[in-house]
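Q: Mind looking over this structure? Questions follow.
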Amino acid sequence: MHFTCCFHHPNIPVSESTAKKQAMESGEPSKKSSFQLQNQPPPPPPSSSPPRPFSIKSIIFVASIAAGIQFGWALQLSLLTPYVQLLGIPHKWASLIWLCGPISGMLVQPIVGYHSDRCTSRFGRRRPFIAAGAVLVATAVVLIGFAADLGYLFGDNLATETKPRAIVVFVIGFWILDVANNMLQGPCRALLADISGNSQKKTRTANAFFSFFMAVGNVLGFAAGSYTHLHNIFPFTTTKACDVYCANLKSCFFFSILLLLTLTTIALTYVHEKPWSPEPGNAGNLGGGEIEDEEAAAAETAPVPFFGEIFGALKDLKRPMWILLAVTCLNWIAWFPFLLFDTDWMGREVYGGDSQGNILVLKLYNNGVHAGALGLMLNSVVLGFTSLGVELLARGVGGVNRLWGIVNFLLAVCLAMTVLVTKLAESSRRFITVDGVTVPLPPPAGVKAGALSLFAVLGVPLAITYSIPFAMASIFSSSSGAGQGLSLGVLNLAIVIPQILVSLGSGPFDAIFGGGNLPAFVLGAIAAAASGAFALTLLPSLPPDVPAAKTVTAGFH
């Protein structure tokens, strides 16, 4: 992490105590803004040798936690919507439940990032939050999986469609799960930035590995969700209140807990943080101005209320970070319509089915949804391989900002191509009459292949979206003296705010243009093109790596 200092000699930094004295003598207050050095570990004593740098194995172990996190997210996407209907949650309330993801992300990640920057635990700054997040995930998953059983235990009538007590348990577990997942992701990425030090290449590689393990978690989660016999491994999961589908959900979540806790335990056991203290550690090095130095240190480390800190952080953001937030915001406005409605698009526009139609049309819709799930699997595979090649791709096109701009244009083209695929599906639609009811047939093989190809190609820009913005935020914050936790929490605001806007506004927006998913996809294509243009023209190149002689490494061992 880079510390800007005054120098007696070009290669010899002045001590922090001397710097404070000079500031006080010049009449300038010794203040640090919300994105300044109080978020960083203290420099080691001048006589101490630098800490041993982290190996790539440390980065891989920490990044692998993403596989456990994403395993749970994939299970949510593939299994929880039918489970919600099984418990009898009204459709109009189901969408509000899914809003807890972006809402918790908007609040939890900045708060956790803020406090992890200041954590003085003897176990380190990030590790306590990661461990607590993993335990909360396990607790939440148990509540969700056993919601029907607990509801029955507390008095639900199995003969009624709606099971209110089970719904209460499910909602509590679901909110805890989203809070815990957000509690895990922020400190994990911050820890990756910490152990990468000032090396931009290591920072980009660390985030690329995080993206890769997200893809691994996706593949495992979608595969587990599509296999309907996992409950046979755990016969006790089938109960009077929990049918085969519910038992399969429990079994999937058991594997999710096992994977997450195993990866988290390995990572936290192998990678150790040194305890951090906000005090600069000048004991024994104070001169006649001891009292003044102690007062200045106390003023600098005085706690600031979180919301005052977050607003101060936004106010103190430098221009590169604001541009990064703008590009990220547009990027996610482009992504969310497709991520939310991709399988619905396959079932409705491509296959011609309808979730509210007769049994034949509903079956056709479900076939399209299953085809969309296959597309998501292909997307995850491409995402994983692309994540491993991010550094090579960036070098080939001349920088990470240029790579991000190019793939955003690729995202725009793919979203626009959904219109072409839809029109081809409609023009080639064939119908049959069954018992006097006219129903469409599945689309031709060429249309299916075209739709699945879009899913696969979109894995390329998604890999960049999952890695480069976070790496750039870490690098920009390091070069400006910002705390990694709070910086990544601020970046997360540029992700969850678009998600909330898309979740609330895409339905009415689509209705204005006659319904269907295409209007939101077209709007996403426009946002992606704008994001690509800003990335290419406004987003600054990353600052050069700071020479080792003028840096202070994060205090880990």
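Q: Of the residues Arg204, Arg165, only one is over 29 Å from Asp117 (Cα atoms), basic (Lys, Arg) and open to solvent by 20 Å² or more (accessible area, probe 1.4 Å); which?
A: Arg165
Q: Leu491 passes all but one of (1) within 28 Å of Thr203 (Cβ to Cβ); (2) crowded, with 20+ Cβ neighbours inside 10 Å; (3) at pLDDT 85 or above; which number fails?
A: All conditions are met except number (3).
Q: Something else now. Residues of the range 149-202 being closer than 30 Å to Asn492 by Cβ and either more than 29 Å from the chain's Cα centre (by Cα) or of a type in the set (Phe, Trp, Tyr) (or both), which ones?
A: If the condition is that a residue be closer than 30 Å to Asn492 by Cβ and either more than 29 Å from the chain's Cα centre (by Cα) or of a type in the set (Phe, Trp, Tyr) (or both), then Phe170, Phe174, Trp175 are the ones that fit.
Q: Sort out which residues of the range 420-446 are more than 15 Å from Trp345 (Cα to Cα) and among the β-branched types (Val, Ile, Thr), and write them in order of number.
A: Matches in the range 420-446: Ile432, Thr433, Val434, Val437, Thr438, Val439.
Q: I would also like to ask the following. Just wondering, is there one or more residues in the range 402-412 that are surrounded by fewer than 19 Cβ atoms within 10 Å (Cβ to Cβ), in contact (Cβ under 8 Å) with a residue 60 or more places away in the chain and in a strand (DSSP E or B)?
A: Looking for residues that are surrounded by fewer than 19 Cβ atoms within 10 Å (Cβ to Cβ), in contact (Cβ under 8 Å) with a residue 60 or more places away in the chain and in a strand (DSSP E or B), one finds none in the range 402-412, hence no.
Q: Quick check on my filter: what residues within the range 498-533 are modelled with pLDDT of 90 or more and surrounded by 20 or more Cβ atoms within 10 Å (Cβ to Cβ)? Before the answer, list the steps.
A: Our first condition is that a residue be modelled with pLDDT of 90 or more; within the range 498-533, this holds for 521-533.
Those that are modelled with pLDDT of 90 or more and surrounded by 20 or more Cβ atoms within 10 Å (Cβ to Cβ): Phe521, Leu523, Gly524, Ala525, Ala527, Ala528, Ser531, Gly532.
Q: Filter the range 214-233 down to residues that are crowded, with 24+ Cβ neighbours inside 10 Å and of a type in the set (A, V, I, L, M, F, W, C) and give me whichever is farthest from Ala267 (Cα to Cα).
A: Ala215
Q: Under 8 Å by Cβ, and 6 or more places apart or on different chains, what pairs join a residue from the range 429-450 that is within 14 Å of Gly368 (Cβ to Cβ) with one that is open to solvent by 50 Å² or more (accessible area, probe 1.4 Å) and in a strand (DSSP E or B)?
A: Partner pairs satisfying both residue conditions: Val439/Phe431; Val439/Ile432; Val439/Thr433; Pro440/Phe431; Leu441/Phe431; Leu441/Ile432.
Q: Just checking, how many residues over the range 102-155 are open to solvent by less than 10 Å² (accessible area, probe 1.4 Å) and among the charged types (D, E, K, R)?
A: Number of matching residues: 3.
Q: Further, regarding this structure: Just to be sure, is His272 within 28 Å of Phe154 (Cα to Cα) and not hydrophobic (A, V, I, L, M, F, W, C)? Full working, then the answer.
A: Values: within 28 Å of Phe154 (Cα to Cα): no; not hydrophobic (A, V, I, L, M, F, W, C): yes.
Judged against the criteria, His272 is not a match.
Q: What do you reckon, is Lys240 open to solvent by less than 10 Å² (accessible area, probe 1.4 Å) and either more than 16 Å from the chain's Cα centre (by Cα) or among the basic types (Lys, Arg) (or both)?
A: No: the conditions fail for Lys240.
Q: Can you report the number of residues in the range 382-407 which are more than 12 Å from Gly459 (Cα to Cα), in contact with a helix residue (DSSP H, G or I) (Cβ under 7 Å, 6 or more places away or on another chain) and not small (Gly, Ala, Ser)?
A: Going through the range 382-407 one residue at a time, the tally reaches 11.
Q: Can you list residue pairs whose Cβ atoms sit under 7 Å apart, with the first residue in the range 57-68 being within 11 Å of Gly217 (Cβ to Cβ) and the second being among the hydroxyl-bearing types (Ser, Thr, Tyr)? Count only pairs 6 or more apart in sequence or on different chains.
A: Qualifying pairs under 7 Å: Ile65/Thr264; Gly68/Thr264.
Q: Among Leu383, Leu388, Leu415, which is surrounded by fewer than 22 Cβ atoms within 10 Å (Cβ to Cβ), more than 16 Å from Pro440 (Cα to Cα) and among the aliphatic types (A, V, I, L, M)?
A: None of the others qualify; the one that does is Leu388.
The values are calculated or read from the model by the stated rules, or taken from the named source; none is laboratory data. Every value quoted in this text rests on a predicted model; they were computed, and no experiment measured them. In this analysis, Cβ positions are derived from the backbone assuming ideal geometry, glycine residues included, and neighbour counts consider all displayed protein chains. Please note that ligands, DNA and RNA were not included when accessible areas were found on the heavy atoms of the full protein model with its side chains. Shrake-Rupley method; radii C 1.70, N 1.55, O 1.52, S 1.80 Å.
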